[in-house]
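Values in this text are rule-based calculations from the coordinates and carry no lab data. Here the structure is a predicted model, which is why all the values come from computation and not from measurement. Neighbour counts are summed over all protein chains in view; Cβ atoms, including those assigned to glycine, are modelled from backbone coordinates with ideal geometry.
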Amino acid sequence: MIELAPIPPEALAVEAHALRKEFVRKDRRHGRRRVAALADVSLEVARGECVAILGQNGSGKSTLVRLLSTLLLPDGGSASVFGYDVVRRDKAVRRLVNRVSVEASFFKKMSPSENLHYAARFYGMTPSETGVRIPEILARVGFPPDRRTEPMENLSRGMQQKVALARALLTSPVLLLLDEPTTGLDPRSKLEVQEFIREMRAVHDSTILLCTHDLGEAESLAGRVGILDRGELLALEPAADLKARYGAASLEEAFFAATGRGFSDEEDELDAEERKVLA
Amino acid sequence: MRAAALSLRHELIGLAGVVERNVYLTRRYIYWDLAFFVWTVANTLTIVFIAKGIEAGGGQIDVERATTTLLIGAVVWAYLGIIFEFLTETVAWERWEGTIEYTFMAPLSRAMHLGGSGVFAVLYGLVRAILLFIVVAAFFGLAFDEANFAAALVILVVASVSFFGIGMMTAVLPLISPEKGAQLGFVAQGMLLVVSGVYYPVDVLPDWMQWLAKISPATYALDGIRAAILDGASLGSLWHDIWPLLVIGAASIPLGLGIFNRGEIYAKRHGKLKRSG
């Protein structure tokens, strides 16, 4: 049985104040410099809420997810998950959070079942528990039983992403961080993943932070939508309010109005960073 | 009290999970392991044949004793290589597969995470070292009438604690340099053995290297194992090798863990945990 850290009833699921992350970059043109991947981001996410963050590549979405999942240390500001500071109480945070990212990320020679057993042990689940839970969860995400013992490398990306969802569900996270979970999936797999996200929220009362490129996905799944551009959170409100604020007919138009660029105009990551040169 | 017991149980399950994963992976790569074992045997033979070569060149040596001395050096070298390889791969392999972020965001202490790799490395390394010893000894037809194999095994297991501690220090290298860090583990292995009398007595080394030999656990491991196998020394008479191993082991584990934790903080500050490759 997974032992979760106690959750204070009044705590927000996510609370970030002036959260900042910088990386050192070296190149011939500028030499050594610090660039801000996340520039003083503040946001609050209530328990049970689903919030989507829209942004292009290099906008800081993954940095935000990594900071909240204790994989990066901030350079300024603070962040907490259910009241636990992500730096000082990192172990408590880890018990409450799990993540699904764009890369399914598994041991390719191991089977889905073996990968899930491995992941579950880190959360204190015994073989007798995983022996029951893993087949149940794989069935819930629609993974075919006859493929559970095949190496991951033989599975399609859609199948691998289902196993990634099962890995997240296995640890019963109260905060689920989704970093472009449907990117590169075929339409059917994409719909299945989106249905699963709805189920996680409805059945398990999970709070969801969804970072995505997909405007339709953000609008249909999230109660509030944020626009993250070049490390800055420009807005965070319900999609309808966002459209109204920028006088836009669609979320894409709102994104364009907020950032000055179209959503599909992929900007080179370095160019984006160069604008944020700090030193 | 109950919370502490629960937490310990959780940690031990995590440790067992790392061992379990390494069992899965070893099973998947078993034919590669067999191929690597053949290479290790060939490599060991090239070293052990040196004793016969000296005799053929007119040198006056006890060939059987020299052959066994070299064999023990080669087996300890191979064993240490396995320990360091598994510990370095704790990070390197996970980074290559892309699972590293999932592992590092899991609520398991780094001591237990690395401990799982260490436990498996010792078990796997012992099996490989024993097989290597048997195969090469059989090849040369070596007789071990007086050997105390039990004492030799105890020395190797005690030395493994220190090897594990030093291995944790090398395991941090792929965190700091994702591209080249894993290869630096071999440098540490070579440095450790060159000062420890792996194929020669420590006395032949320059003074400053002999000083380094005093703080190397491999020195005491090689000395104790050779005494047990060549002269049948009992555990009691090997105490002068055992206590330094215990002291170095007690110091190297917290030191190794401390260095790894510093490396992890560095990696989290500079974004080095990200998947690459």
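Which ³J(HN,Hα) values in Hz, rounded to whole numbers, follow from the phi angles of segment B:230-238 under the Karplus curve 6.51 cos²θ - 1.76 cosθ + 1.60, where θ = phi - 60° and Gly and Pro get x?
7, 10, x, 4, 7, 4, x, 6, 9
Using θ = phi - 60° and the Karplus form 6.51 cos²θ - 1.76 cosθ + 1.60, what ³J(HN,Hα) does each residue of segment B:201-215 get, whole Hz, x for Gly and Pro?
x, 4, 4, 7, 7, x, 3, 5, 6, 5, 5, 5, 4, 5, 9
If neighbour count is taken as other Cβ atoms inside 10 Å, put A:SER42, A:SER105 in order from fewest to most.
A:SER42, A:SER105
Would you mind giving the mean number of other chain beta-carbons within 10 Å of the Cβ of each residue in B:93-105, as a whole number?
Mean inter-chain Cβ contacts per residue within 10 Å come to 6.
So which trypsin sites (Lys or Arg not before Pro) in segment A:78-167 end up in coil per DSSP with only 11 or fewer other C-beta atoms within 10 Å?
Filter output for segment A:78-167: A:ARG88.
Using a 10 Å cut-off around each Cβ of peptide A:69-81, what is the average number of partner chain Cβ atoms that fall inside?
3
Give me the percent of DSSP beta bridges within the protein assembly as shown that run antiparallel, rounded to the nearest 5.
Taking every DSSP beta bridge within the protein assembly as shown, about 55 percent pair in antiparallel fashion.
If amide H atoms are built 1.01 Å from N in the plane of the peptide, which residues on other chains or at least 5 residues away come under 5 Å of the amide H of A:GLY83?
A:LEU12
Of B:ALA137, B:ALA121, B:ALA152, which has the largest mean-square fluctuation in a 10 Å C-alpha GNM of chain B?
Among B:ALA137, B:ALA121, B:ALA152, the largest GNM mean-square fluctuation belongs to B:ALA137.
If you rank B:ASP145, A:ASP75 by fewest surrounding Cβ atoms within 10 Å, what's the result?
Ranked by crowding around the Cβ, least crowded first: B:ASP145, A:ASP75.
Let me have the relative contact order for segment A:14-274, percent, based on Cα pairs under 8 Å that are six or more residues apart.
For segment A:14-274, the relative contact order is 26 percent.
In the protein assembly as shown, if every C-alpha pair distance is counted and binned at 20 Å from zero, what percent goes to each bin?
Taking every Cα pair in the protein assembly as shown, the percentages come to 19, 45, 26, 9, 1.
Near the amide H of A:ASP229, under 5 Å away, which other amide H atoms are found, from residues 5 or more places off or on another chain, if H is placed in the peptide plane?
Here the answer is A:LEU234, since their amide H atoms fall under 5 Å of that of A:ASP229.
For segment A:14-274, what is the number of Lys pairs with C-alpha distance below 26 angstrom, counting only pairs 8 or more positions apart or on separate chains?
Summing the qualifying lysine pairs gives 13.
Please give me, ordered by residue number, the GluC sites (Glu not before Pro) of segment B:86-176 that lie in loop per DSSP and have at most 15 other Cβ atoms within 10 Å.
Those that pass, being in a loop and sparsely packed, are B:GLU146.
Give the Rg/Rh ratio for segment B:111-194, taking Rg as the radius of gyration of the Cα atoms and Rh as the Kirkwood radius, to two decimals.
1.06
Once the Cα atoms of segment B:18-90 are picked out, what are the Rg and Dmax in Å?
Computed over the Cα atoms of segment B:18-90, radius of gyration and Dmax are 16.5, 52 Å.
Pop out the ³J(HN,Hα) list for segment B:171-187 in order, Karplus 6.51 cos²θ - 1.76 cosθ + 1.60 with θ = phi - 60°, rounded to Hz; leave Gly and Pro as x.
Result, rounded to whole Hz: 5, 6, 4, x, 6, 7, 10, x, 7, 10, x, 4, 5, 5, x, 5, 4.
Can you give the percent of C-alpha pairs in segment B:47-172 whose distance is more than 24 Å?
Considering segment B:47-172, 42 percent of its Cα-Cα pairs are separated by more than 24 Å.
Amide H to amide H under 5 Å from A:LEU38: which residues, 5+ apart in sequence or cross-chain, H placed 1.01 Å off N in plane?
Residues meeting the criterion, in which the H sits 1.01 Å from N, are A:LYS21.
How big is chain A on each of its three principal axes, counting only the C-alpha atoms and giving the largest first in Å?
53, 45, 41
For the pair A:ASP75/B:PHE37, report the inter-label distance in nm, with labels modelled 7 Å from Cα in the Cβ direction.
5.1
With label points built 7 Å along Cα→Cβ from the Cα atoms of B:PHE49 and A:SER42, find their separation and express it in nm.
7.5
Would you mind ranking B:LEU123, B:LEU8, B:LEU193 so that the residue whose beta carbon has the fewest other beta carbons within 10 Å leads the list?
B:LEU8, B:LEU123, B:LEU193
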